[in-house]
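These notes concern the structure reproduced below.
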Amino acid sequence: DVSSPKHGKVDPDNTPHVGGNMWAGGTGGRDTAGLGGKGGPYRLDAGHRVYQVSQAEKDAVPEEVKRAAREMGEKAFKRRLKEIQMSEYDASTYERFSGAVRRQVQSLRIILDNLQ
């Protein structure tokens, strides 16, 4: 069961973590920032293979936990914008322009990676 969202512990060795309720950047777990899990405050990619919990499990997360996770994610987003000296307007403008060329940038990255 989910209890309350949190960032989670950071593994100094960046070992892949699947499931559980402890590690930031893990996959398929609960309550912590990561990918493929349920009840976490925001997505956090540590570069590992993603294990996905079922949609039914995600839908079963209590509304108060979903609300707390959204609030925590919003606070983290605003804190990050402040760190990089960007306003919410700047972020939305950046996302609008970035989204328009996202596929082309990804294609260019693949081409450059292959050239290297």
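What's the ranking of 18-31, 89-102 by average number of surrounding C-beta atoms within 10 Å, highest first?
So the peptides 18-31, 89-102, ranked by packing, come out 18-31, 89-102.
Viscosity 1.002 mPa s, temperature 20 °C: what is the translational diffusion coefficient of the chain from Stokes-Einstein with a Kirkwood Rh over Cα pairs, rounded to a whole number of µm²/s?
Details: Rh = 15.9 Å.
The calculation lands on 135 µm²/s.
Can you give me the Cα centroid spacing of region 1-23 and region 62-116 in angstrom?
Spelled out, the Cα-based centre of one part sits 22 Å from the other.
May I ask for the net charge around GLU95, where only other residues with Cβ less than 13 Å from the Cβ of GLU95 are counted and Lys, Arg are +1 while Asp, Glu are -1?
Residues near GLU95 contribute 0 overall.
Given H placed on each backbone N at 1.01 Å, which residues far from TRP23 in sequence or on other chains put an amide H within less than 5 Å of it?
LYS9
Just add up the charged neighbours of GLY28: K/R +1, D/E -1, any other residue whose Cβ is under 14 Å from the Cβ of GLY28.
Summing Lys and Arg as +1 and Asp and Glu as -1 gives +2.
Over the chain, average the accessible area per residue using a 1.4 Å probe and give it in Å², no decimals.
74
Over the chain, what is the mean sequence separation of C-alpha contacts under 8 Å (at least six apart), divided by residue count, expressed as relative contact order in percent? Can you show the working numbers first?
Numbers: 182 pairs, mean separation 20.0, N = 116.
Relative contact order of the chain: 17 percent.
When the accessible area of the chain is split by element with a 1.4 Å probe, what percent falls to carbon and sulfur?
53
What angle, in degrees between 0 and 90 and rounded to the nearest 10, separates the Cα long axis of helix 88-115 from the longest principal axis of the Cα atoms of the chain?
70
The values are calculated or read from the model by the stated rules, or taken from the named source; none is laboratory data. Remember, it's a predicted structure, so these values are computed and weren't measured experimentally. All Cβ positions, even for glycine, are placed from backbone atoms using ideal geometry, and neighbour counts span all protein chains on display. These area figures cover heavy atoms from the full protein model, side chains too; ligands, DNA and RNA do not enter into them. Shrake-Rupley method; radii C 1.70, N 1.55, O 1.52, S 1.80 Å.
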